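A quick write-up on the structure given underneath.
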């Protein structure tokens, strides 16, 4: 998925905080559809969870009600959007009017990740937040994939015995695609079943109250799988260029990374060549500038992903290989100039990060390496034991014969 950069809106200050006077609709429409936040002010207690004393003399402990949001301008993946492709299910108690267990307690028991704070629909570190809800996020990008939301009455009064239903919302045609080959459909199935078990005596129903059994849930899961697969195929098609002669260029995560595939008559890939550092042949000044731009793009990717590093190790290897190419001088074009600009900025970034790293984290990594060394030596000892025993037995026989 490609995230489009945006310039600050009129209501956004240079520090990145949103102006509380800016209209919600303008802010929302300026963001990407996938999981971009529509914002409210970071001030005035908007991030505070409900249930705090509205009459408190300390403004920090007053509950600030969220401004009115028009559902028509919400992103499609938002729980309250009017997207026609959104799937909406409900978890309700099988007996009685309300659950004995609270929403947050049930989510914790189900293993759903906790929010770092409670807040209304707001912009905070680039993620969409909804008051009282629990999103299931992509482990790589942090973008919300689908949502679990308690009923509005419970949000206003989160007391035991007041939770009457939990809404489950997902929009497979517009939600962010999870990275690292994670199946969104399987993740949806798991989380719904975990929360059903955690709430105890809960049933899953559709929008008009009809029970959704195991077969019905599987049909929904299959629908999600096919929608996400179709989107993935379309994104790959858009990133593919036919070079002729059965060769295709497939664009990767970064603009200077791609693969060259050689396919047979039926489209089966026979050979695949990976290009991790497609450096242009430029003179010294232009090459260094282009290399710095490539490093900036790679660093931006690393900041927005927790796991996928866009083949950082192989890219560095390819950049050093390009740097080793002959450089006839500043006047003559060479790929080495771009490699030098890329590596210089990456080294400077590493130097700055090294000063900010927690030494305890580094010690833990060294300890893990030592532990791996112990496992390797133990494995080698076990593997070599039969050979050493046979060699000792042979030596003993030879000495006995002598």
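Could you check the simple spin-label distance between residue 350 and residue 214, using points 7 Å along Cα→Cβ, in nm with one decimal?
In this crude label model, residue 350 to residue 214 measures out at 5.3 nm.
Give me 352, 260 sorted ascending by neighbouring Cβ count inside 10 Å, so fewest comes first.
Taking fewest neighbouring Cβ atoms as first place, the list is 352, 260.
What ranking do 354-362, 274-282, 241-249, 223-231 get when scored by the average of other Cβ atoms within 10 Å per residue, highest first?
With the highest mean Cβ count within 10 Å placed first, the list reads 274-282, 223-231, 241-249, 354-362.
Give me the number: length gained by fully extending residue 396 to residue 82, i.e. 0.36 nm times residue separation minus the C-alpha to C-alpha distance, one decimal in nm.
104.7 nm
Over the range 283-402, what is the mean sequence separation of C-alpha contacts under 8 Å (at least six apart), divided by residue count, expressed as relative contact order in percent?
RCO, the range 283-402: 31 percent.
What list do you get for 272, 252, 175 if you sort them by fewest beta carbons within 10 Å?
With the fewest neighbours first, 272, 252, 175 line up as 272, 252, 175.
Which value, to two decimals, describes the C-alpha radius of gyration of the range 319-402 once divided by 2.2 N^0.38 Å?
Compared with the compact-globule rule of thumb, the range 319-402 sits at 2.19.
Please rank 382, 73, fewest neighbouring Cβ atoms within 10 Å first, as an exposure proxy.
Taking fewest neighbouring Cβ atoms as first place, the list is 382, 73.
Taking R0 as 56 Å, what's the FRET efficiency between residue 164 and residue 320 from their Cβ-Cβ distance, rounded to 0.05?
0.35
Bear in mind that the values in this text are calculations on the coordinates, not laboratory data. In this text, all values refer to a predicted model and were calculated from it rather than measured experimentally. A quick note on method: Cβ atoms are made from the backbone with ideal geometry, for glycine too, and the neighbour counts reach across all protein chains shown.
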